[in-house]
Structures are given as C-alpha cells and as structure tokens.
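The values are calculated or read from the model by the stated rules, or taken from the named source; none is laboratory data. Worth saying up front: this structure is predicted, and the values here are computed from it rather than measured. Virtual Cβ from ideal backbone geometry, glycine too; neighbours counted across all protein chains shown. All accessible areas refer to the heavy atoms of the entire protein, side chains included, with ligands and DNA or RNA removed. Shrake-Rupley method; radii C 1.70, N 1.55, O 1.52, S 1.80 Å.
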Amino acid sequence: VYLMQEPMAEAGARRRNLGPGDVLTLHYLFHPERDDPVLDLLAARSLLYAKIIEKEEMTAGAGQFPHLKNEMETGRIADALGFEDCRRLYPLVRRSSMAKARRIVLDYMDRQGKRS
C-alpha cells in the first residue's frame, strides 16, 4: 500500500516521488558493483536537492499537501540539472540559506533555458 498515491495523483505526479539521493541509495543497494557516470550525476543532484528543499514546517496558506508539492517541484528542478550545472552551482549555494540557494538555482536555470 502506498499511502501517498492519491495525493500524488491529485498533485500531478506520474511516479513515486524519490529525490536523487533516494535513487542513488537504491542503485547502491541493488547494484553495488555498478560503476556508472549516472551515479555521479545523482550524487551531484542530491547535494543541490538537499540545499533547496524546504525543511521547515509548511502550514498556513500552503494549501493541501505542501511538503509533497515542494518535494515534487524540487525533484523536477534537480532532474533538470546536469553534472556541470551542479558543479557550477554548488559552490554558489553551499553556504546559503535554503531560500537564497533556491533563488540562485532557479535564476541559473532561467538563464540557461532549463526551466519552462
């Protein structure tokens, strides 16, 4: 039973919501011998994902399922970044607050044409 299936469908998700770190962990669990550049990409994305995901409680005025929606949006952002994007962005956001890091990443994506 997947309790979040209905809320995710309502929010427009097409799959279970896994961040890049979750996917990386699953690769290492089920394919520990695998050596693939995709693993490096997932690791780089997970560093940025962790910086730009909302960590505080979201309640007032946030609508229904605010954390799920934030996770989905943050996942879409991370999925759009390549390894070189992550390499450029991480030094810029490393010591920033979540809000500032998110603005930096979204501004970068807009300049690169990676966000619609």
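Any idea how many residues of the stretch 81-114 are outside any loop (DSSP other than H, G, I, E, B) and touching a residue at least 40 places away in the same chain (Cβ under 8 Å)?
Looking only at the stretch 81-114, we keep the residues that are outside any loop (DSSP other than H, G, I, E, B), and these are 83-93, 98-112.
Cutting the leftovers down to touching a residue at least 40 places away in the same chain (Cβ under 8 Å) gives us 83, 86-87, 89-90, 93, 98, 101-102, 105.
Residues in the stretch 81-114 being outside any loop (DSSP other than H, G, I, E, B) and touching a residue at least 40 places away in the same chain (Cβ under 8 Å): 10 in total.
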LEU24 in contact with a Pro (Cβ under 9 Å, 6 or more places away or on another chain), surrounded by 15 or more Cβ atoms within 10 Å (Cβ to Cβ) and modelled with pLDDT of 75 or more: no
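Which ones in the stretch 27-39 are among the acidic types (Asp, Glu) and open to solvent by less than 90 Å² (accessible area, probe 1.4 Å)? Don't jump to the end; show me each part of the working.
Our first condition is that a residue be among the acidic types (Asp, Glu); within the stretch 27-39, this holds for 33, 35-36.
Matches in the stretch 27-39: ASP36 only.
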Sole exception among (1) within 12 Å of the chain's Cα centre (by Cα); (2) acidic (Asp, Glu); (3) open to solvent by 90 Å² or more (accessible area, probe 1.4 Å) for GLU54, by number: (3)
Candidate set from the stretch 74-105 (those that are exposed (fewer than 15 other Cβ atoms within 10 Å of the Cβ) and within 12 Å of the chain's Cα centre (by Cα)); member that is farthest from GLU57 (Cα to Cα): ASP79
Considering residues of the stretch 51-70 that are outside any loop (DSSP other than H, G, I, E, B) and under 24 Å from ALA9 (Cα atoms) only, the residue modelled with the highest pLDDT: ILE52
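Taking the stretch 7-20 as the search range and keeping residues that are out of contact with any Lys or Arg (no Cβ under 8 Å at 6 or more places or on another chain) and surrounded by 10 or more Cβ atoms within 10 Å (Cβ to Cβ), which one is modelled with the highest pLDDT?
Across the stretch 7-20, the extreme among qualifying residues is GLY19.
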